[in-house]
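Engineer: Just dropping this structure here.
The values are calculated or read from the model by the stated rules, or taken from the named source; none is laboratory data. Everything numeric here is computed off the predicted structure, so don't read it as measured data. Because the Cβ atoms are built from the backbone with ideal geometry, glycine has one as well, and the counts that use them run over all protein chains shown.
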Amino acid sequence: MKLEQRALRFASGLNALIGIVDVPERPLVRGLLVLADSRQYRTGSHRQFTLLARLLAGRGVAVMRFDRSGAGDSEGRESERSDGSDLAAAMKEFFIHVPEMKESVILAAGDATRAAALYASGDARVTGLALFNPELPPPESVSSSGNGAGASGGALRYIQRLAPKLLRRRLPALRGAAPPALPPELASAFDAYDGHILLVLGGADPAFERTARLLERRRAHCRRVEIAGADVGFSRSDWREAVAAASTSWLTSW
């Protein structure tokens, strides 16, 4: 299938954001907007988003990737991302450039989960959320309480990520911590959102597993895909291919 790749420059507030849209010759009515986390640019770790965009576009799915404020080639500061204006501006630009589209899926990686969920709950055109190794902020009601549950959850996460040896010594003590919960704003967002959800998990961080379980308990129709042995960035080609295959299958399944 013939493809066209367009470079985009569009406004989000006072900032100019840079993006790329891959448009098939005959786009399907459902597209994919990629929202990278705070540690990545539009290409993704090991060019994962670039390769996924080309694969999906070859199957008729238009894909847009962009750098959020203060990232990559876009203007602004990282602190300007929190209100969701970057995502809203990107979605508007996406539908302008692909008028054949009637709906879109948002692929959100890591800590971009929050922005994607809050936006999706208010835009009926978003019919799917593909969450790669989803990370959620700790709920204020837990972290601000005096029972220490929020502190234990945060400590466990950083220990598991940064100090495996220390983790083995501390894990028995931390297992008694209270189970986490979705932050209130995200609980409301996921309750209001009635679209499809794909959870793609890779890496050894139990924080991803806990987030996945929270979402599965709240939403009965999540599809989970685990890439056995994969690291957080899906750095090997076979891991990226497995992620791409699972994403493509899910995105075209309804």
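Engineer: Given the criterion more than 30 Å from LEU28 (Cα to Cα) and either modelled with pLDDT of 75 or more or polar (S, T, N, Q) (or both), identify the matching residue among LEU166, LEU198, LEU251, LEU214. Give the steps one after another, and end with the answer.
Structural biologist: Numbers: LEU166 fails: either modelled with pLDDT of 75 or more or polar (S, T, N, Q) (or both); LEU198 fails: more than 30 Å from LEU28 (Cα to Cα); LEU251 fails: more than 30 Å from LEU28 (Cα to Cα).
Going through LEU166, LEU198, LEU251, LEU214 in turn, the sole match is LEU214.
Engineer: Among (1) part of a helix (DSSP H, G or I); (2) touching a residue at least 24 places away in the same chain (Cβ under 8 Å), there is one condition ILE96 misses while meeting the rest; what is its number?
Structural biologist: (2)
Engineer: Can you name the condition, by its number, that VAL243 falls short on among (1) surrounded by fewer than 19 Cβ atoms within 10 Å (Cβ to Cβ); (2) assigned to a helix (DSSP H, G or I)?
Structural biologist: (1)
Engineer: Quick check on ARG9: is it over 24 Å from ARG240 (Cα atoms) and either assigned to a loop (DSSP other than H, G, I, E, B) or under 20 Å from the mean Cα position of the chain (by Cα) (or both)? Break it down into steps so the answer makes sense when it comes.
Structural biologist: Working: over 24 Å from ARG240 (Cα atoms): yes; either assigned to a loop (DSSP other than H, G, I, E, B) or under 20 Å from the mean Cα position of the chain (by Cα) (or both): no.
For ARG9, the condition - over 24 Å from ARG240 (Cα atoms) and either assigned to a loop (DSSP other than H, G, I, E, B) or under 20 Å from the mean Cα position of the chain (by Cα) (or both) - is not met.
Engineer: Give me the residue from region 34-55 that is of a type in the set (D, E, K, R) and either assigned to a helix (DSSP H, G or I) or surrounded by fewer than 17 Cβ atoms within 10 Å (Cβ to Cβ) (or both) and, out of that set, farthest from the chain's Cα centre (by Cα).
Structural biologist: Filtering region 34-55 down to residues of a type in the set (D, E, K, R) leaves 37, 39, 42, 47, 54.
Filter once more, keeping what is either assigned to a helix (DSSP H, G or I) or surrounded by fewer than 17 Cβ atoms within 10 Å (Cβ to Cβ) (or both): 39, 47, 54.
Working: ARG39: 12, ARG47: 16, ARG54: 18 Å.
Across region 34-55, the extreme among qualifying residues is ARG54.
Engineer: Take ALA11 and decide whether it is touching a residue at least 24 places away in the same chain (Cβ under 8 Å) and small (Gly, Ala, Ser).
Structural biologist: On the way: touching a residue at least 24 places away in the same chain (Cβ under 8 Å): yes; small (Gly, Ala, Ser): yes.
Here the answer is yes, as ALA11 does meet what is asked.
Engineer: Looking only at region 64-72, decide whether some residue is in contact (Cβ under 8 Å) with a residue 24 or more places away in the chain, among the basic types (Lys, Arg) and either under 19 Å from LEU129 (Cβ atoms) or touching a Leu at 6+ places or on another chain (Cβ under 6 Å) (or both).
Structural biologist: First, the residues of region 64-72 that are in contact (Cβ under 8 Å) with a residue 24 or more places away in the chain: 64-69, 71-72.
Those left that are additionally among the basic types (Lys, Arg): 65, 68.
Next cut, either under 19 Å from LEU129 (Cβ atoms) or touching a Leu at 6+ places or on another chain (Cβ under 6 Å) (or both) only: 65, 68.
Checked region 64-72: at least one residue is in contact (Cβ under 8 Å) with a residue 24 or more places away in the chain, among the basic types (Lys, Arg) and either under 19 Å from LEU129 (Cβ atoms) or touching a Leu at 6+ places or on another chain (Cβ under 6 Å) (or both).
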